[in-house]
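None of the figures in this text is laboratory data; all of them are computed from the coordinates on show. This structure is a prediction, so every number in the text was calculated from the model and none was measured. Quick reminder, even Gly has a Cβ in these numbers, built from the backbone with ideal geometry, and neighbours come from all protein chains shown.
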Amino acid sequence: MANVVRRIARYLSASANRKFDERADPRVQIDQAIEDARRQHEALIQQAALVLGNQRQLEMQMARQADEVTNLTESARSALLLADRASAAGDLAGATSYEETAQAFASQLLTAESSLEDLRNLHRQAVASAAQARTAVEDNEVRMRRHLTERSRLLTQIEHAAMQEQMTRAMEGMSTLAPASDTPTLAEIRDKVEHRYAVALGRHELASRGTEARMVEVRRATLDARAQTRLAELRGALTAGAEGEAPVPPSLTKGDPTAGEGPAGDGRS
């Protein structure tokens, strides 16, 4: 049961991390990564400074210990010389005392030389560590410069991607495959107008096939024929007027045998 709970907890954590990464702003994540790299670089510099400081401190201790060795050597040598002089002068007690003093200086000298050798070993290790620390700092500085260059490149790509996404959304908004929104597209408006126009044409076509429509067509044809006849009469009247004759309306001559005769037209004077 505990194993199942741990698996569920890991799954929920991984799912939450994935959703967070999907919704997180890449620019903020880039800045976080750069800031983390800077903190690591600062920590590395601090550690390298401690290593270099240890080397310098060992060098100062070595210098003091070397001076101590030199002083003890000189003191032991001086004590031996005094012992030799006292022995040559027959002062056995003084010679013995100087010998003991020289022996004490020699013991201290052995301890000082041993300490100096230990310091030298530590210094050699510190020198190697300091060289590694310098190399690590220099390599990390190169990585930091690469990180900054990569940051600039990624930010440029992010801006370019944002521009492309905006252009894509604009083009999708103009496409017929664009998802429904509050504002209809031109294609949708065009389809609506064409549908309305087609329906109107269909209704007109159906209406034009009925009896009333045919009667209207017959009346219209009759009126057109009468208009053509009247137009011919007017044209004939214009032609007769141009030849110097008084225009006689055809309606007056139809059915009247005396049409066209004046008062003297019957031969009577």
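Values computed for the structure shown
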| read-out | value |
| --- | --- |
| Label point distance in nm, residue 93-residue 50, each placed 7 Å from Cα along Cα→Cβ | 6.0 |
| Positive-pole candidate from 87, 108, 135, dipole of region 87-145, charges at beta carbon | 135 |
| Values of log10 I(q)/I(0), in the order q = 0.11, 0.16, 0.22 Å⁻¹, for region 25-174 under a Debye, Cα-only, solvent-free model | -0.70, -0.93, -1.19 |
| Gain in span if fully extended, residue 192 to residue 33, counting 0.36 nm per residue against the direct Cα distance | 51.9 nm |
| Efficiency of FRET between residue 199 and residue 160 - r from beta-carbon atoms, R0 45 angstrom, step 0.05 | 0.40 |
| Inter-label distance, nm, simple model (7 Å from Cα along the C-beta direction), residue 229/residue 43 | 11.4 |
| Scattering curve values for region 53-94, log₁₀ I(q)/I(0), Debye with Cα scatterers, q = 0.21 Å⁻¹ | -0.67 |
| Dipole moment magnitude, nearest 20 debye, region 186-243 about Cα centre, only Lys, Arg, Asp, Glu C-beta charged | 160 |
| Peptides ranked, highest mean first, by Cβ atoms within 10 Å: ranges 134-145, 160-171 | 134-145, 160-171 |
| Per-residue Cβ neighbour rank within 10 angstrom, fewest leading, 84, 224 | 224, 84 |
| Ascending count of other beta-carbon atoms within 10 Å, so fewest first, for 205, 99 | 205, 99 |
| Distance histogram in 5 Å bins (all Cα pairs of region 186-243, percent per bin) | 4, 16, 10, 11, 10, 9, 9, 9, 8, 6, 5, 3, 1, 0 |
| Order of 189, 158 - criterion: other Cβ atoms within 10 Å of each residue's Cβ, fewest first | 189, 158 |
